[in-house]
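Please read the structure below before turning to the comments.
All of the numbers you see were taken from the coordinates with simple rules; none came from a lab. Here the structure is a predicted model, which means the values were calculated and not measured. All Cβ positions, even for glycine, are placed from backbone atoms using ideal geometry, and neighbour counts span all protein chains on display.
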Amino acid sequence: MNANARDLAPDLAADLAANFDIEKLTGEFYADPYPTYRALREHAPVKLMPNGSRFLTRYDDLVTAYKNTKLFSSDKRREFLPKYGNSPLYEHHTTSLVFNDPPAHTRVRRLIMGALSPRAIAGMEPDLIALVDRLLDAIAAKRRFELIGDFAAAIPIEVIGNLLDVPRDEREPLRDWSLAILGALEPVISAQAFARGNKAVTDFLSYLELLVDRRRAKPGNPDRDVLTCLIQGEDNGERLTAKELLHNCIFLLNAGHETTTNLIGNGLVALSEHPAQKKRLIEHPAMIKTAVEEILRFESSNQLGNRMTTGPVELGGVALPAGTPVTLCIGAANRDPLQFSDPEHLDIARTPNRHLAFATGAHQCAGMALARLEGGITISRFLARFPDYALNGPPIRGGRARFRGFLSVPCVI
Ligand code: HEM
């Protein structure tokens, strides 16, 4: 698959770049977007889409956009109104901190970063290890298993359930709500996906109202319980409003769920496809830190970000007027040869590795320490227990451009 990205004939690459349309993605693209990303980086790095937006693929251009929140706005009110109308999805996405600009963003982010403190995250490690080991025991008893459902997806949902202290027997709907809400962020969505997303926001809000009422009546330990910390937290005398609190709890659950599932799934699939790197990691378990960074770079679980220009700006030699929507292609930037040597190659010891999987600048992922902890513990314990795991049939991709991962991966140990 990666040979393609290196070897595409120049005229084919030019054609691929010329015909690329984010609203008309093909099955081939979903299976392997990297040849297209390479073609775009080389032939049209600030590619004009038929819908008037721009698609950015060069590392330096993404960094420029991420770092300049004044000229590249994250506020999605204008963009999402025609897409969602005045719907629960619209209210949810436009209240999430990720889709706001300073100063609203700064206040909410400070409160959330305060709640996701190093102490709260370190406190999660023993439960995480116990959970991973329980799942590994269940896999050992089965021998044939499904990597995503039986393992990768089971971890983040429990971790975030613990983070907000959601009672165990109330966690079941969280995953489907999260998938439905994030699914509605795809570049094009069906009427069904729109209806599913709206219902998920409404059901999730009703559930969280109950949870917050219970927590107000009986607060937890704010050092460990992120929900209690968010309810009690103050920034310059201001707390989150009731609406901000509920929507940002939904956002936290969503942000940390599919992305981390995909880090684990993408990592274990990539290692099985690169046996020499897998062997190297098994022989040198201390490499797990750089290995997780490399997996994040090589198969970034969040591939696309979005911004809107607020004034005229030049990027990669192209003049963009105010009001231009731009898509920041993390998957392409993370394979930019001007930043990474031999970028189509998976190298678990790669250093330096300044990938953009967590973005950079004011909106850089607020949960990256937790994601790294989850990825490291999960992948290293899985490899130590089942060094000979193998794929036992074709993995099925999720078919999404924004969140890259697998729906199911049949495996055997
Ligand atoms: C492998 C796992 C993860 C990846 C690849 C990832 C990636 C990202 C990216 C690219 C952004 C920036 C979006 C933008 O501005 O365009 C982001 C933001 C964010 N992420 Fe993550 N994330 C992961 C896990 C998590 C986890 C576990 C949590 C929390 C529990 C989390 C919470 C957040 C929050 C709150 C933001 C918004 C920050 C802001 O706007 O200031 N993420 N993430």
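Can you work out the Karplus-derived ³J(HN,Hα) for every residue in the stretch 304-310? Use 6.51 cos²θ - 1.76 cosθ + 1.60 with θ = phi - 60°, whole Hz, and x for glycine or proline.
Those phi angles translate into 10, x, 9, 9, 10, 6, 9 Hz.
Taking every pair of Cα atoms in the stretch 255-306, average 1/r, invert it to obtain the Kirkwood radius, and report Rg/Rh to two decimals.
1.01
Taking H placed 1.01 Å from N in the peptide plane, check which residues at least 5 places from ASN306 or on another chain put their amide H under 5 Å from its amide H.
The answer is LEU328.
Would you calculate the volume per residue, in Å³, of the smallest convex hull containing every Cα atom of the stretch 254-413?
125
As an exercise, use a Förster radius of 56 Å and the Cβ-Cβ distance of ARG144 and ALA319 to find the FRET efficiency, rounded to the nearest 0.05.
After rounding, the FRET efficiency stands at 0.50.
What's the exposure ranking of LEU56, LEU315, LEU71, going from fewest to most Cβ atoms within 10 Å? Kindly include the intermediate steps, with their values, before the conclusion.
Numbers: LEU56 27, LEU315 23, LEU71 18.
The most exposed by this proxy come first: LEU71, LEU315, LEU56.
Just to be sure I follow: if Rg is taken over the C-alpha atoms of the stretch 60-127 and Rh is the Kirkwood radius over the same atoms, what is Rg/Rh?
1.10
Among TYR59, TYR90, rank each residue by its count of other Cβ atoms within 10 Å, from fewest to most, as a rough exposure measure. Walk me through the numbers before you get to the answer.
Numbers: TYR59 24, TYR90 18.
In order of increasing Cβ crowding within 10 Å: TYR90, TYR59.
Testing the spin-label approximation: label points 7 Å from Cα along Cα→Cβ at ALA362 and SER341. State their distance in nm.
Going from the ALA362 label point to the SER341 one covers 3.7 nm.
Under the rule of -39500 (n - 2.57) per DSSP H run of 4 or more residues, summed and divided by the residues of the chain, what mean residue ellipticity at 222 nm is obtained, to the nearest 500 deg cm²/dmol?
The per-residue figure over the chain is -16000 deg cm²/dmol.
For the stretch 323-352 and the stretch 269-310, what is the centre-to-centre distance using only Cα atoms, to the nearest Å?
So the two Cα centres are separated by 12 Å.
Calculate the translational D of the stretch 1-138 in whole µm² s⁻¹ from Stokes-Einstein, where the hydrodynamic radius comes from the Kirkwood formula applied to all Cα pairs, the temperature is 20 °C and the viscosity 1.002 mPa s.
113
By counting other Cβ atoms within 10 Å of each Cβ, how are LEU81, LEU211 ranked from fewest to most?
Listing LEU81, LEU211 from fewest to most nearby Cβ atoms yields LEU81, LEU211.
Between GLU186 and THR26, what FRET efficiency comes out of the Förster formula 1/(1 + (r/R0)^6) with R0 = 22 Å and r the beta carbon distance, rounded to 0.05?
It comes to 0.90.
Residue by residue, what Karplus-based ³J(HN,Hα) values in Hz, rounded to whole numbers, does the stretch 19-24 have, using 6.51, -1.76 and 1.60 with θ = phi - 60° and x for Gly and Pro?
Using θ = phi - 60°, the values come out as 8, 5, 9, 4, 8, 9 Hz.
Starting from the Cα-Cα distance between LYS70 and THR241, subtract it from 0.36 nm times their residue separation and give me the gain in nm to one decimal.
Computed gain between LYS70 and THR241 is 59.1 nm.
For a label point 7 Å from the Cα of ASN51 along Cα→C-beta, name the residues of the stretch 185-223 whose backbone N is under 20 Å from it.
Those under the cut-off are 185-198.
Where a Cα-Cα gap under 24 Å defines reach, which lysines qualify for LYS278, not counting those fewer than 8 residues away within the same chain?
Output for LYS278: LYS142, LYS289.
For the stretch 196-221 and the stretch 367-386, what is the centre-to-centre distance using only Cα atoms, to the nearest Å?
Their Cα centres are 29 Å away from one another.
What value does the stretch 67-206 have for Rg/Rh, both radii from Cα atoms and Rh as Kirkwood defines it?
With Rh from the inverse mean 1/r over Cα pairs, Rg/Rh is 1.03.
What nm distance separates the two modelled labels at ALA104 and ALA193, each placed 7 Å from Cα along Cα→Cβ?
Placing both labels 7 Å beyond Cα along the Cβ direction yields 2.5 nm.
Tell me, in nm to one decimal, what length is gained between ARG214 and ALA9 on full extension, where the rule is 0.36 nm per residue of separation less the Cα-Cα distance?
67.6 nm
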